[in-house]
1. State which residue pairs qualify: first residue open to solvent by 70 Å² or more (accessible area, probe 1.4 Å) and inside region A:117-133, second residue among the charged types (D, E, K, R) in any location, beta carbons under 7 Å apart, and separation of 6 or more residues or different chains.
2. So which residues in region B:191-220 are closer than 25 Å to B:Leu251 by Cβ and among the hydroxyl-bearing types (Ser, Thr, Tyr), if there are any at all?
3. Where in region B:6-94 are the strands (runs of 3 or more DSSP E), entirely inside, with at least 2 residues that are closer than 30 Å to B:Thr189 by Cα and β-branched (Val, Ile, Thr)?
4. Do we have A:Arg27 as open to solvent by less than 40 Å² (accessible area, probe 1.4 Å) and either polar (S, T, N, Q) or within 23 Å of A:Tyr210 (Cα to Cα) (or both) here?
5. Select from region A:40-70 the residues that are of a type in the set (Val, Ile, Thr) and without any contact (Cβ under 8 Å) to a residue 24 or more places away in the chain and write down the one among them that is nearest to the other protein chains (Cβ to nearest Cβ).
6. Out of A:Asp16, A:Asp81, A:Asp73, which single residue is over 30 Å from B:Tyr249 (Cβ atoms) and over 17 Å from the mean Cα position of the chain (by Cα)?
7. Can you find even one residue in region B:181-190 that is crowded, with 18+ Cβ neighbours inside 10 Å, touching a residue at least 40 places away in the same chain (Cβ under 8 Å) and within 14 Å of chain A (Cβ to nearest Cβ)?
8. So B:Arg88 fits all but one of (1) among the charged types (D, E, K, R); (2) within 12 Å of another protein chain (Cβ to nearest Cβ); (3) surrounded by 17 or more Cβ atoms within 10 Å (Cβ to Cβ); what number is the exception?
Number of protein chains: 2
Amino acid sequence: MKGPLAGDVFGEMLRDALAVAAGVGRRPLAGGRLPRPVIEIVERDDGLVNGVLAAPYLAGPDEWPAHDRRALDLVRGRVLDIGVGGGRAALALQERGVAVTGLDVSPGAIEVCRARGVRDLVHATVEEHAAAGRRYDTFLLLGNNLGLLEGRERAPRFLAALAAMANPGARVVAQGTDPYGTTDPVQVTYHERNRGLGRLGGQLRLRLRYRELATDWFDYLVCSLAELAELVDGTGWRLAEVDDADAPYYLACLHLDGAADGAQVLA
Amino acid sequence: MKGPLAGDVFGEMLRDALAVAAGVGRRPLAGGRLPRPVIEIVERDDGLVNGVLAAPYLAGPDEWPAHDRRALDLVRGRVLDIGVGGGRAALALQERGVAVTGLDVSPGAIEVCRARGVRDLVHATVEEHAAAGRRYDTFLLLGNNLGLLEGRERAPRFLAALAAMANPGARVVAQGTDPYGTTDPVQVTYHERNRGLGRLGGQLRLRLRYRELATDWFDYLVCSLAELAELVDGTGWRLAEVDDADAPYYLACLHLDGAADGAQVLA
């Protein structure tokens, strides 16, 4: 019995998804002949496993959930797309003439974005990129990437890195999911166990797998708006606007304290 | 860190796939609201993992690969559909007026087949069912279920159980896949490691996972036609016909030795 290898799971999965979508390049084949759908495997530390189709990472706005389309209308000025992934949001913004930079820690994601035409890309963490001295008006976290806040420990550091890159009046536009509407005992038990460990209920401990590769275990947060407001408290950011028309999914708009006027001027 | 629970992985996956297809019943939901595609996770003992969409287990003949449709034309007389799964082949045979019995070790698969209208179902292994004294003219193994032969140790016992249930002139109609056409180093290395352990190259050691459940590890065989002929040798069965028009997929037809005339009479 061998375990999976450490590697750029997300990047390899996106590369294959792009090859399948384009019909060219190395593709995962069933029986060596038929292209098979590319599926990302998400393992949780309670033994839960989920398969997620990769194709939506490359989809155009017509195929997005409506709240993702509405998120594009909330951006202002220069945009940093954090966790740019397959580049779906960055490409849509470029088409609107918005100045957008795509940031990702996955080299494969950066490569796929470049192949798809995203012009400005940075391979770095938010802290590393903050040290580069560039400034933005909007920090975009789509596709549940509010989850990058991880939990009580990471959230203030993450938001501080964004504040360090913020122009006056800057905003965060982040998509999240309230996990607490479920009655599924697997989920309810997991939330309770987390709270017993001093973690947020929806502070998921995950690893991604794709073919022979796996990531390390990492935290990824799904939280309620009340929990988000608490996490943001004292960071200099303020939960200024919420769009929860597609609950349990929501868009949260954070503004830098005292900078709401600036944001309106930019609008 | 907790591991997955032991359970009827395949049955739970089929139940959810049926609920999603029918739009009724308990369904796996993304964020508690949107039905998500049901995906079976297949782990191999070298750390490789694959996600497989569940919907094809319920598909009608129009959506099948062509060799699966051709397999239906090869059945004669009373049919035992071994590993009946979601019942796709059993339902298609019933519609043709064929007397078919569906056999599966998964209670959930039996329940899904019953809900979908398969009339004659048995929850048992082939050995258990052989003890029940029923007789068949065709043993059908679709959907790569030639893999149930497992390897050199299990194949003769499995084929003996079928022979014990065989009417004169009986046949096995089995779909397999030749795994050796690939140059993928992950696969080539796996085949070599297997041979080094005295196993057949494509003798996969797998477990299935779905949500919080996992099966035990089990062997599942993908083999060449030459390997199949060797496995069959001395069992009383003979590799009589092959359809490899869709290579690397193939249909193998086994006849009981000296019973080829009987098979032709039944035709």
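1. Listed by first residue and then by second, the contacts come to A:His123/A:Asp104.
2. Step one: list which residues in region B:191-220 are closer than 25 Å to B:Leu251 by Cβ, which gives B:191, B:194, B:199-204, B:206, B:208, B:218-220.
Answer for region B:191-220, where residues must be closer than 25 Å to B:Leu251 by Cβ and among the hydroxyl-bearing types (Ser, Thr, Tyr): just B:Tyr220.
3. On the way: elements: B:39-44, B:49-53, B:79-82.
Where strands (runs of 3 or more DSSP E) fall fully within region B:6-94 and carry at least 2 residues being closer than 30 Å to B:Thr189 by Cα and β-branched (Val, Ile, Thr), they are B:39-44, B:49-53.
4. Working: open to solvent by less than 40 Å² (accessible area, probe 1.4 Å): no; either polar (S, T, N, Q) or within 23 Å of A:Tyr210 (Cα to Cα) (or both): yes.
In short, no.
5. Kept after step one, since they are of a type in the set (Val, Ile, Thr), are these residues of region A:40-70: A:41-42, A:49, A:52.
Narrowing the set further to residues that are without any contact (Cβ under 8 Å) to a residue 24 or more places away in the chain leaves A:49, A:52.
On the way: A:Val49: 5, A:Val52: 8 Å.
So, considering only residues that are of a type in the set (Val, Ile, Thr) and without any contact (Cβ under 8 Å) to a residue 24 or more places away in the chain, the one nearest to the other protein chains (Cβ to nearest Cβ) is A:Val49.
6. Values: A:Asp16 fails: over 30 Å from B:Tyr249 (Cβ atoms); A:Asp81 fails: over 17 Å from the mean Cα position of the chain (by Cα).
From the options A:Asp16, A:Asp81, A:Asp73, the qualifying one is A:Asp73.
7. Taking region B:181-190 first, the residues crowded, with 18+ Cβ neighbours inside 10 Å are B:187, B:190.
Those still in the list that are touching a residue at least 40 places away in the same chain (Cβ under 8 Å) too: B:190.
Applying the additional criterion that residues be within 14 Å of chain A (Cβ to nearest Cβ) yields B:190.
There is at least one residue in region B:181-190 that is crowded, with 18+ Cβ neighbours inside 10 Å, touching a residue at least 40 places away in the same chain (Cβ under 8 Å) and within 14 Å of chain A (Cβ to nearest Cβ).
8. Condition (2) is where B:Arg88 drops out.
The values are calculated or read from the model by the stated rules, or taken from the named source; none is laboratory data. Remember, it's a predicted structure, so these values are computed and weren't measured experimentally. Methodologically, a virtual Cβ is constructed for each residue, glycine included, from the backbone with ideal geometry; neighbour enumeration extends over all protein chains shown. Ligands, DNA and RNA are stripped out before the accessible areas are found, and what is left, the full protein with its side chains, is counted by its heavy atoms. Shrake-Rupley method; radii C 1.70, N 1.55, O 1.52, S 1.80 Å.
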